[in-house]
1. Restricting the first residue to the stretch 85-108 and requiring it to be more than 21 Å from residue 55 (Cα to Cα), which pairs with a second residue that is within 13 Å of the ligand (Cβ to nearest atom) and in a helix (DSSP H, G or I) meet a Cβ separation below 7 Å and a spacing of at least six or different chains?
2. Would you mind telling me which numbered condition in (1) away from the ligand (no atom under 16 Å from the Cβ); (2) under 14 Å from residue 80 (Cβ atoms) residue 152 fails?
3. Take the residues in the stretch 1-23 that are aliphatic (A, V, I, L, M) and within 15 Å of the ligand (Cβ to nearest atom); name whichever of them is farthest from residue 379 (Cα to Cα).
4. From the set of residues in the stretch 195-221 that are part of a loop (DSSP other than H, G, I, E, B) and in contact with a helix residue (DSSP H, G or I) (Cβ under 7 Å, 6 or more places away or on another chain), which is surrounded by the fewest Cβ atoms within 10 Å (Cβ to Cβ)?
5. Of all residues in the stretch 19-49, which are over 11 Å from residue 81 (Cβ atoms), under 18 Å from the mean Cα position of the chain (by Cα) and either outside any helix (DSSP H, G or I) or not assigned by TED's automatic domain parsing to the domain that holds residue 90 (or both)?
6. If you check 165, 227, which single one turns out to be at pLDDT 95 or above, under 21 Å from the mean Cα position of the chain (by Cα) and either under 29 Å from residue 127 (Cα atoms) or in a helix (DSSP H, G or I) (or both)?
7. Filter the stretch 100-118 down to the residues that are assigned to a helix (DSSP H, G or I) and surrounded by 18 or more Cβ atoms within 10 Å (Cβ to Cβ), then identify the one that is nearest to the ligand (Cβ to nearest atom).
8. Against the condition closer than 24 Å to residue 7 by Cα and among the β-branched types (Val, Ile, Thr), how does residue 228 come out, does it pass?
Amino acid sequence: MSSSHSFFKEKRAWSKIKDEVLKAYLVPYLAKVSRTRRPIIVADCFAGKGRFDNGEPGSPLIIAEAIVHQLADPTTQAIKGVFIEKKYFKELQANIPQTPWCIPLDGNYEERMDYFVNNYPSRDQNLFLYVDPYGIKSILFSYFEMIRKKKDFHSVELLLNLNTFGFLREACRLLNCPVSENESPADYERDINSPERLDEIAGGTYWREIISRYNVNQKMQIAEEEFIDKYCERLRTVFRYVVNIPIKARLSHIPKYRIVFGTDHEDALLLMVDNMNRRWAKFREEARNNQGTLFEMDFPNPSKQGACRDIENEIVSLIDTGIELKDLLVRLAQKFGINFSISDYKDCLKSMEGNQIDISRNPPLTPATGKPSTSWEHARKDLSIKITRRAQWQPPLL
Ligand SMILES: C[S@@+](CC[C@H](N)C(=O)[O-])C[C@H]1O[C@@H](n2cnc3c(N)ncnc32)[C@H](O)[C@@H]1O
């Protein structure tokens, strides 16, 4: 039986990380996007009850709190929270704030998305989609493509809970590929009836090859990493930047699911990388009982482990003649996902200054003090921080 029956009894540890990712992103997101002076819609597409049975806030209340926080700024334009729920609509309605900007919608995500894509006048609004289903059956890839193709939104961002393990388990069932007991999730929805439906969810047929490799001699953990890499690659045809965090019960476990983020904006990417990196670091420290290690092994994206250990050379290889700090950070975030925080990169650059790289700032002096600028603030519009590779530096041969 699926654990969805007891989902709202109390929050599991891994649900808390998901909430923290949402909460920590929404506040700066709303502040930043409010500056566009265009209305914002935060759509919680699988909203649930609003509150857990033990009183803990669910995603609708987390979203409502972030909106209230932003609305306290008198310059803010209209912000709406839209909450879609098919089973617990009454509970949802009773639990969310009774205000005109909080809009509960009774019914199906699929039908609401159809309406949204085909009939909703988007009028240059900013849209943030939070998609948090129990499983995978409803999350057709084409919805993301269609909503993104609606040209008249000012911006669209997506935060998606993707049950990669459940997907692969269902894929094995439908392709008659045996799975050992300890590689099977305790609960997942066994209700997808054809491989073609999985194609629609994955946005392609690439998953079939992953399953045939798994069938021969691969571990589920590797299959899961391959699947999320391909899914994100596919989602990069919809959003310019895509990153994800694995959500696990234990460090050594296969992820229970992934939180996947898609955006077209550099600032949003860097904000989310920092946010997800922080959640991962906290989870890792707690899992190790706060005991440090000499060499970091537990990266959220293990396939990049080798490159992570050689970060200085990786950084230098991304600098041709010269590059703005922010552009370099974006390239590093694309390459390493959430393996490092933005301050990790900056610390690394500081230690490389005068060795492999040089830094120049424009204006070179801090206007207030007249002293040479030493700022590392990559988001400032009035300051350029340029990084160049030293001419004599040569990449190592091995
Ligand atoms: C994982 S729970 C959402 C939890 C919620 N985001 C939170 O953090 O409190 C998924 C919710 O989606 C609802 N649901 C399932 N299928 C749905 C569908 N097709 N359309 C709308 N809601 C659906 C379920 O009733 C359930 O309340």
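1. 105/112; 106/89
2. (2)
3. Here is the first cut: in the stretch 1-23, the ones aliphatic (A, V, I, L, M) are 1, 13, 17, 21-22.
The next check asks that each one be within 15 Å of the ligand (Cβ to nearest atom); those that pass are 13, 17, 21-22.
On the way: 13: 34, 17: 27, 21: 21, 22: 22 Å.
Here the answer is 13.
4. 205
5. Quick first cut of the stretch 19-49, residues over 11 Å from residue 81 (Cβ atoms) only: 19-25, 27-29, 31-39, 45-46, 48-49.
Remaining after also requiring under 18 Å from the mean Cα position of the chain (by Cα): 19-25, 27-29, 32-33, 45-46.
Passing the criteria: 45, 46.
6. Values: 165 fails: at pLDDT 95 or above.
Checking each option against the conditions leaves just 227.
7. In this case the residue turns out to be 109.
8. Values: closer than 24 Å to residue 7 by Cα: no; among the β-branched types (Val, Ile, Thr): yes.
Against the criterion (closer than 24 Å to residue 7 by Cα and among the β-branched types (Val, Ile, Thr)), residue 228 does not qualify.
The values are calculated or read from the model by the stated rules, or taken from the named source; none is laboratory data. Source: prediction; values computed, not measured. With ideal geometry, Cβ positions are generated from the backbone for all residues, glycine too; neighbour counts draw on all protein chains shown.
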